[in-house]
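The values are calculated or read from the model by the stated rules, or taken from the named source; none is laboratory data. Quick caveat: nothing in here was measured; it's all calculated off a predicted structure. Virtual Cβ from ideal backbone geometry, glycine too; neighbours counted across all protein chains shown.
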(Lines give C-alpha, C1' and ligand atoms only; values in the text may rest on other atoms or scores of the structure.)
Protein backbone atom coordinates (compact mmCIF):
# COMPACT_ATOMS: atom_id res chain seq x y z
CA UNK A 1 0.00 0.00 0.00
CA UNK A 2 1.38 3.41 -0.98
CA UNK A 3 2.19 5.85 1.77
CA UNK A 4 0.29 9.10 2.05
CA UNK A 5 1.93 12.13 0.47
CA UNK A 6 1.95 15.58 2.05
CA UNK A 7 2.34 18.93 0.30
CA UNK A 8 2.18 22.51 1.55
CA UNK A 9 1.11 25.83 0.08
CA UNK A 10 3.79 28.48 -0.35
CA UNK A 11 1.09 31.16 -0.65
CA UNK A 12 1.43 32.74 2.78
CA UNK A 13 5.17 32.33 3.47
CA UNK A 14 6.15 35.05 5.92
CA UNK A 15 2.54 36.22 6.43
CA UNK A 16 0.46 34.54 9.13
CA UNK A 17 -3.02 35.67 8.01
CA UNK A 18 -2.58 36.71 4.39
CA UNK A 19 -5.98 35.23 3.60
CA UNK A 20 -7.68 37.77 5.89
CA UNK A 21 -6.71 40.60 3.50
CA UNK A 22 -8.53 41.46 0.32
CA UNK A 23 -6.55 40.36 -2.73
CA UNK A 24 -6.20 43.97 -3.88
CA UNK A 25 -4.42 44.80 -0.59
CA UNK A 26 -1.94 41.91 -0.77
CA UNK A 27 1.67 42.57 -1.75
CA UNK A 28 2.77 40.62 -4.81
CA UNK A 29 6.48 41.33 -4.36
CA UNK A 30 8.21 38.12 -3.18
CA UNK A 31 10.09 38.24 0.11
CA UNK A 32 13.17 36.24 -0.81
CA UNK A 33 14.37 35.59 2.74
CA UNK A 34 10.97 34.36 3.93
CA UNK A 35 10.46 32.18 0.88
CA UNK A 36 13.91 30.61 1.17
CA UNK A 37 13.43 29.91 4.88
CA UNK A 38 10.05 28.33 4.13
CA UNK A 39 11.38 26.10 1.34
CA UNK A 40 14.34 24.84 3.34
CA UNK A 41 12.10 24.25 6.36
CA UNK A 42 9.76 22.19 4.16
CA UNK A 43 12.69 20.10 2.95
CA UNK A 44 13.73 19.43 6.55
CA UNK A 45 10.15 18.46 7.45
CA UNK A 46 9.86 15.90 4.64
CA UNK A 47 7.21 17.76 2.64
CA UNK A 48 6.80 16.39 -0.89
CA UNK A 49 6.16 19.63 -2.80
CA UNK A 50 5.25 23.29 -2.37
CA UNK A 51 2.40 24.93 -4.26
CA UNK A 52 3.18 28.18 -6.08
CA UNK A 53 -0.29 29.61 -6.66
CA UNK A 54 -1.59 31.90 -9.40
CA UNK A 55 -3.10 35.37 -9.20
CA UNK A 56 -2.54 39.08 -9.79
CA UNK A 57 -1.68 39.48 -6.10
CA UNK A 58 1.22 36.98 -6.26
CA UNK A 59 4.55 36.59 -8.04
CA UNK A 60 4.48 34.52 -11.22
CA UNK A 61 4.31 30.86 -10.10
CA UNK A 62 6.77 29.33 -12.58
CA UNK A 63 9.34 32.09 -12.02
CA UNK A 64 8.98 31.59 -8.26
CA UNK A 65 9.43 27.82 -8.62
CA UNK A 66 12.54 28.28 -10.75
CA UNK A 67 14.07 30.78 -8.33
CA UNK A 68 13.43 28.66 -5.24
CA UNK A 69 14.37 25.45 -7.02
CA UNK A 70 17.82 26.82 -7.74
CA UNK A 71 18.57 27.33 -4.02
CA UNK A 72 17.04 24.08 -2.70
CA UNK A 73 18.01 20.45 -3.11
CA UNK A 74 15.03 18.11 -2.60
CA UNK A 75 11.67 19.86 -2.45
CA UNK A 76 9.43 19.79 -5.53
CA UNK A 77 7.41 22.77 -6.72
CA UNK A 78 3.77 22.46 -7.76
CA UNK A 79 3.25 25.25 -10.28
CA UNK A 80 -0.29 26.54 -10.76
CA UNK A 81 -1.33 27.02 -14.38
CA UNK A 82 -4.47 28.41 -15.97
CA UNK A 83 -5.03 27.47 -19.59
CA UNK A 84 -5.86 30.29 -21.95
CA UNK A 85 -3.17 32.58 -20.60
CA UNK A 86 -0.35 30.80 -22.46
CA UNK A 87 0.42 29.03 -25.68
CA UNK A 88 0.62 25.34 -24.67
CA UNK A 89 3.83 25.00 -26.70
CA UNK A 90 5.44 27.96 -24.93
CA UNK A 91 4.27 26.64 -21.56
CA UNK A 92 5.78 23.19 -22.12
CA UNK A 93 9.00 24.89 -23.19
CA UNK A 94 9.01 26.84 -19.90
CA UNK A 95 8.32 23.78 -17.76
CA UNK A 96 10.92 21.70 -19.55
CA UNK A 97 13.50 24.45 -19.21
CA UNK A 98 12.88 24.74 -15.47
CA UNK A 99 13.12 20.95 -15.13
CA UNK A 100 16.64 21.07 -16.56
CA UNK A 101 17.77 23.59 -13.97
CA UNK A 102 16.15 21.99 -10.89
CA UNK A 103 16.50 18.28 -11.72
CA UNK A 104 12.87 17.67 -12.62
CA UNK A 105 11.50 18.95 -9.30
CA UNK A 106 8.45 20.54 -10.91
CA UNK A 107 4.84 19.37 -11.14
CA UNK A 108 1.66 21.17 -12.20
CA UNK A 109 -1.56 22.27 -10.52
CA UNK A 110 -4.07 22.90 -13.34
CA UNK A 111 -6.86 25.24 -12.25
CA UNK A 112 -9.62 27.07 -14.12
CA UNK A 113 -9.46 30.34 -12.19
CA UNK A 114 -11.96 31.40 -9.54
CA UNK A 115 -13.11 34.92 -10.50
CA UNK A 116 -14.34 36.00 -13.94
CA UNK A 117 -13.14 39.58 -13.40
CA UNK A 118 -9.58 38.44 -12.71
CA UNK A 119 -9.67 36.11 -15.72
CA UNK A 120 -10.77 38.99 -17.93
CA UNK A 121 -7.88 41.11 -16.63
CA UNK A 122 -5.57 38.45 -18.12
CA UNK A 123 -7.49 38.51 -21.39
CA UNK A 124 -9.62 35.41 -20.73
CA UNK A 125 -13.35 35.93 -21.29
CA UNK A 126 -14.58 32.31 -21.17
CA UNK A 127 -17.13 31.25 -18.59
CA UNK A 128 -16.36 28.56 -15.99
CA UNK A 129 -17.39 25.42 -17.90
CA UNK A 130 -15.70 26.49 -21.12
CA UNK A 131 -12.47 27.15 -19.25
CA UNK A 132 -12.37 23.44 -18.36
CA UNK A 133 -13.18 22.54 -21.97
CA UNK A 134 -10.23 24.63 -23.08
CA UNK A 135 -8.01 23.07 -20.40
CA UNK A 136 -8.74 19.68 -21.97
CA UNK A 137 -7.34 20.89 -25.29
CA UNK A 138 -4.40 22.60 -23.55
CA UNK A 139 -3.38 19.41 -21.74
CA UNK A 140 -3.91 17.28 -24.83
CA UNK A 141 -1.32 19.38 -26.66
CA UNK A 142 1.03 19.46 -23.67
CA UNK A 143 0.94 15.69 -23.28
CA UNK A 144 1.69 15.13 -26.95
CA UNK A 145 4.69 17.44 -26.70
CA UNK A 146 5.94 15.54 -23.64
CA UNK A 147 5.54 12.24 -25.49
CA UNK A 148 8.09 13.46 -28.07
CA UNK A 149 6.73 11.28 -30.86
CA UNK A 150 7.24 13.83 -33.62
CA UNK A 151 5.85 17.20 -34.61
CA UNK A 152 2.49 18.05 -33.03
CA UNK A 153 -0.45 19.32 -35.06
CA UNK A 154 -3.74 20.15 -33.35
CA UNK A 155 -6.90 21.93 -34.38
CA UNK A 156 -9.66 22.32 -31.83
CA UNK A 157 -12.22 24.81 -30.65
CA UNK A 158 -9.74 26.82 -28.59
CA UNK A 159 -6.26 26.03 -29.97
CA UNK A 160 -4.65 25.54 -33.34
CA UNK A 161 -1.05 24.27 -33.31
CA UNK A 162 0.95 23.42 -36.40
CA UNK A 163 4.22 21.45 -36.59
CA UNK A 164 5.17 22.05 -32.93
CA UNK A 165 8.60 20.66 -32.03
CA UNK A 166 10.66 21.40 -28.91
CA UNK A 167 14.34 20.56 -28.61
CA UNK A 168 14.13 20.99 -24.83
CA UNK A 169 12.77 17.76 -23.28
CA UNK A 170 11.40 17.37 -19.77
CA UNK A 171 14.31 16.19 -17.64
CA UNK A 172 13.71 14.19 -14.48
CA UNK A 173 15.22 11.07 -12.93
CA UNK A 174 11.68 9.83 -12.20
CA UNK A 175 9.35 10.78 -15.07
CA UNK A 176 9.13 11.70 -18.75
CA UNK A 177 6.57 14.42 -18.05
CA UNK A 178 5.50 16.39 -14.97
CA UNK A 179 2.95 15.01 -12.54
CA UNK A 180 -0.38 16.76 -13.11
CA UNK A 181 -2.74 17.77 -10.31
CA UNK A 182 -6.15 19.15 -11.30
CA UNK A 183 -7.91 21.45 -8.86
CA UNK A 184 -11.67 21.78 -8.37
CA UNK A 185 -14.89 20.40 -6.89
CA UNK A 186 -16.99 20.57 -10.06
CA UNK A 187 -17.89 17.70 -12.37
CA UNK A 188 -15.78 19.41 -15.03
CA UNK A 189 -12.72 19.26 -12.78
CA UNK A 190 -13.36 15.55 -12.16
CA UNK A 191 -13.68 14.85 -15.89
CA UNK A 192 -10.47 16.75 -16.63
CA UNK A 193 -8.62 14.85 -13.91
CA UNK A 194 -9.86 11.50 -15.19
CA UNK A 195 -8.68 12.32 -18.70
CA UNK A 196 -5.36 14.05 -18.02
CA UNK A 197 -4.52 14.10 -14.32
CA UNK A 198 -2.56 12.05 -11.85
CA UNK A 199 -4.51 13.51 -8.92
CA UNK A 200 -7.59 15.66 -8.29
CA UNK A 201 -7.33 18.28 -5.54
CA UNK A 202 -10.67 19.03 -3.93
CA UNK A 203 -11.98 20.65 -0.75
CA UNK A 204 -12.73 18.26 2.11
CA UNK A 205 -16.02 17.01 3.47
CA UNK A 206 -16.73 14.55 6.25
CA UNK A 207 -15.35 11.13 5.23
CA UNK A 208 -18.75 9.47 5.11
CA UNK A 209 -20.06 12.24 2.82
CA UNK A 210 -16.99 12.25 0.61
CA UNK A 211 -16.50 8.50 0.18
CA UNK A 212 -19.24 7.86 -2.44
CA UNK A 213 -17.86 10.65 -4.65
CA UNK A 214 -14.39 9.09 -5.02
CA UNK A 215 -15.20 5.85 -6.85
CA UNK A 216 -15.25 7.19 -10.46
CA UNK A 217 -11.81 8.75 -10.03
CA UNK A 218 -10.23 5.86 -8.15
CA UNK A 219 -11.63 3.38 -10.68
CA UNK A 220 -9.78 5.33 -13.40
CA UNK A 221 -6.53 5.15 -11.44
CA UNK A 222 -6.62 8.85 -10.53
CA UNK A 223 -5.58 9.79 -7.01
CA UNK A 224 -7.68 12.15 -4.91
CA UNK A 225 -6.16 14.66 -2.52
CA UNK A 226 -7.56 17.24 -0.11
CA UNK A 227 -6.76 20.94 0.00
CA UNK A 228 -7.18 21.57 3.73
CA UNK A 229 -5.65 23.67 6.48
CA UNK A 230 -4.30 22.21 9.70
CA UNK A 231 -4.27 23.39 13.31
CA UNK A 232 -2.80 20.69 15.53
CA UNK A 233 -1.56 21.02 19.11
CA UNK A 234 -0.40 18.61 21.83
CA UNK A 235 -3.97 18.42 23.23
CA UNK A 236 -7.44 19.02 21.80
CA UNK A 237 -8.04 21.73 24.37
CA UNK A 238 -4.99 23.66 23.19
CA UNK A 239 -6.06 23.29 19.57
CA UNK A 240 -9.59 24.54 20.24
CA UNK A 241 -8.29 27.45 22.28
CA UNK A 242 -5.88 28.42 19.48
CA UNK A 243 -8.68 28.21 16.92
CA UNK A 244 -11.03 30.41 18.92
CA UNK A 245 -8.33 32.94 19.78
CA UNK A 246 -7.49 33.22 16.10
CA UNK A 247 -11.09 33.77 14.99
CA UNK A 248 -11.79 36.32 17.70
CA UNK A 249 -8.77 38.36 16.61
CA UNK A 250 -10.07 39.13 13.12
CA UNK A 251 -13.01 41.50 13.51
CA UNK A 252 -15.67 41.87 10.80
CA UNK A 253 -13.60 43.22 7.89
CA UNK A 254 -12.28 39.84 6.65
CA UNK A 255 -15.79 38.36 6.78
CA UNK A 256 -17.08 41.16 4.54
CA UNK A 257 -14.11 40.65 2.20
CA UNK A 258 -14.88 36.97 1.67
CA UNK A 259 -18.63 37.50 1.30
CA UNK A 260 -17.89 39.99 -1.47
CA UNK A 261 -15.39 37.58 -3.05
CA UNK A 262 -17.98 34.79 -3.02
CA UNK A 263 -20.41 37.01 -4.93
CA UNK A 264 -17.78 37.58 -7.63
CA UNK A 265 -16.46 34.02 -7.83
CA UNK A 266 -17.62 31.22 -10.11
CA UNK A 267 -15.46 28.55 -8.46
CA UNK A 268 -17.54 25.60 -7.25
CA UNK A 269 -14.87 24.65 -4.71
CA UNK A 270 -14.55 28.11 -3.18
CA UNK A 271 -18.20 29.13 -3.18
CA UNK A 272 -19.53 25.81 -1.88
CA UNK A 273 -17.26 25.82 1.16
CA UNK A 274 -17.98 29.50 1.89
CA UNK A 275 -21.71 28.75 1.64
CA UNK A 276 -21.43 25.89 4.14
CA UNK A 277 -19.54 28.13 6.57
CA UNK A 278 -21.98 31.03 6.25
CA UNK A 279 -25.41 29.38 6.06
CA UNK A 280 -25.79 28.32 9.68
CA UNK A 281 -24.45 24.78 9.29
CA UNK A 282 -22.54 23.37 12.26
CA UNK A 283 -18.93 24.58 12.41
CA UNK A 284 -17.77 20.97 12.79
CA UNK A 285 -18.44 18.74 9.78
CA UNK A 286 -16.70 15.88 11.59
CA UNK A 287 -14.97 15.63 14.99
CA UNK A 288 -11.85 17.24 13.45
CA UNK A 289 -13.06 19.10 10.33
CA UNK A 290 -13.77 22.74 11.25
CA UNK A 291 -15.21 25.54 9.12
CA UNK A 292 -14.95 28.30 11.72
CA UNK A 293 -12.06 30.14 10.04
CA UNK A 294 -13.54 30.01 6.51
CA UNK A 295 -15.58 33.25 6.77
CA UNK A 296 -12.41 35.13 7.75
CA UNK A 297 -9.67 33.43 5.70
CA UNK A 298 -11.55 31.93 2.75
CA UNK A 299 -12.45 28.43 1.61
CA UNK A 300 -8.91 26.98 1.91
CA UNK A 301 -9.15 27.66 5.67
CA UNK A 302 -11.44 24.67 6.22
CA UNK A 303 -9.22 22.85 8.69
CA UNK A 304 -8.33 19.67 10.51
CA UNK A 305 -8.22 20.75 14.17
CA UNK A 306 -7.31 18.72 17.23
CA UNK A 307 -4.53 16.99 19.09
CA UNK A 308 -1.72 15.34 17.18
CA UNK A 309 -3.34 11.96 17.75
CA UNK A 310 -6.78 13.19 16.66
CA UNK A 311 -5.47 14.82 13.47
CA UNK A 312 -3.41 11.73 12.62
CA UNK A 313 -6.52 9.58 13.13
CA UNK A 314 -8.58 11.93 10.94
CA UNK A 315 -5.96 11.70 8.19
CA UNK A 316 -6.13 7.92 8.37
CA UNK A 317 -9.94 8.04 8.18
CA UNK A 318 -9.52 9.79 4.84
CA UNK A 319 -6.91 7.28 3.73
CA UNK A 320 -9.37 4.46 4.39
CA UNK A 321 -11.88 5.94 1.93
CA UNK A 322 -9.22 6.42 -0.78
CA UNK A 323 -7.68 9.86 -0.17
CA UNK A 324 -3.94 9.57 -0.75
CA UNK A 325 -2.55 13.12 -0.68
CA UNK A 326 -2.95 16.29 1.38
CA UNK A 327 -2.10 19.90 0.52
CA UNK A 328 -1.88 21.86 3.77
CA UNK A 329 -1.85 25.44 4.98
CA UNK A 330 -1.36 26.51 8.59
CA UNK A 331 -1.28 29.50 10.96
CA UNK A 332 1.56 30.29 11.08
CA UNK A 333 2.83 27.89 8.45
CA UNK A 334 6.38 27.35 9.71
CA UNK A 335 5.34 26.42 13.22
CA UNK A 336 2.40 24.32 12.03
CA UNK A 337 4.63 22.47 9.57
CA UNK A 338 7.20 21.76 12.29
CA UNK A 339 4.54 20.40 14.65
CA UNK A 340 3.06 18.29 11.86
CA UNK A 341 6.48 16.86 11.00
CA UNK A 342 7.49 16.15 14.60
CA UNK A 343 4.19 15.08 16.18
CA UNK A 344 1.54 14.19 13.57
CA UNK A 345 3.53 12.62 10.74
CA UNK A 346 5.25 9.96 12.91
CA UNK A 347 1.82 8.87 14.17
CA UNK A 348 0.50 8.65 10.60
CA UNK A 349 3.50 6.58 9.46
CA UNK A 350 3.11 4.25 12.45
CA UNK A 351 -0.57 3.76 11.69
CA UNK A 352 0.21 3.08 8.01
CA UNK A 353 2.81 0.52 9.03
CA UNK A 354 0.35 -1.19 11.32
CA UNK A 355 -2.11 -1.81 8.47
CA UNK A 356 0.47 -2.54 5.76
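Here are some notes:
- First in the range 212-240 and without any contact (Cβ under 8 Å) to a residue 24 or more places away in the chain and at negative phi, second anywhere and crowded, with 21+ Cβ neighbours inside 10 Å and outside any helix (DSSP H, G or I), Cβ under 7 Å, 6 or more apart: none
- At least 2 residues being at pLDDT 95 or above, buried (at least 23 other Cβ atoms within 10 Å of the Cβ) and touching a helix residue (DSSP H, G or I) at 6+ places or on another chain (Cβ under 8 Å) is the threshold, and among the helices (runs of 4 or more DSSP H) wholly inside the range 256-356 those reaching it are 308-321.
So that you can scan it fast, the table gives a plain yes or no per residue for (1) surrounded by 21 or more Cβ atoms within 10 Å (Cβ to Cβ); (2) modelled with pLDDT under 95; (3) more than 26 Å from residue 166 (Cα to Cα); (4) over 16 Å from the mean Cα position of the chain (by Cα):
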residue: 7; (1), (2), (3), (4): yes, no, yes, no
residue: 17; (1), (2), (3), (4): no, yes, yes, yes
residue: 23; (1), (2), (3), (4): no, yes, yes, yes
residue: 27; (1), (2), (3), (4): no, yes, yes, yes
residue: 34; (1), (2), (3), (4): no, yes, yes, yes
residue: 44; (1), (2), (3), (4): no, no, yes, yes
residue: 86; (1), (2), (3), (4): no, yes, no, yes
residue: 92; (1), (2), (3), (4): yes, no, no, yes
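- Pairs, first touching a residue at least 60 places away in the same chain (Cβ under 8 Å) in the range 340-356, second assigned to a helix (DSSP H, G or I), C-beta under 6 Å, six or more apart: 343/308; 344/308; 344/311; 344/312; 348/312; 348/315
- When 299, 314, 293 are screened for being within 27 Å of residue 182 (Cα to Cα) and under 17 Å from the mean Cα position of the chain (by Cα), only 299 passes.
- Scanning the range 130-164 for residues that are under 27 Å from residue 325 (Cα atoms) and loosely packed, with under 13 Cβ neighbours inside 10 Å returns a single hit, 147.
- Taking helices (runs of 4 or more DSSP H) as the structural unit, those lying wholly within the range 50-163 and holding at least 3 residues that are free of Cβ contacts under 8 Å to residues at least 40 places away in the same chain and over 22 Å from residue 184 (Cβ atoms) correspond to 61-69, 88-101.
- Residue match in the range 70-84 (condition: more than 25 Å from residue 203 (Cβ to Cβ), surrounded by 14 or more Cβ atoms within 10 Å (Cβ to Cβ) and modelled with pLDDT of 95 or more): yes
- Listed conditions (1) under 18 Å from residue 171 (Cβ atoms); (2) assigned to a loop (DSSP other than H, G, I, E, B) are all met by residue 46, apart from (1).
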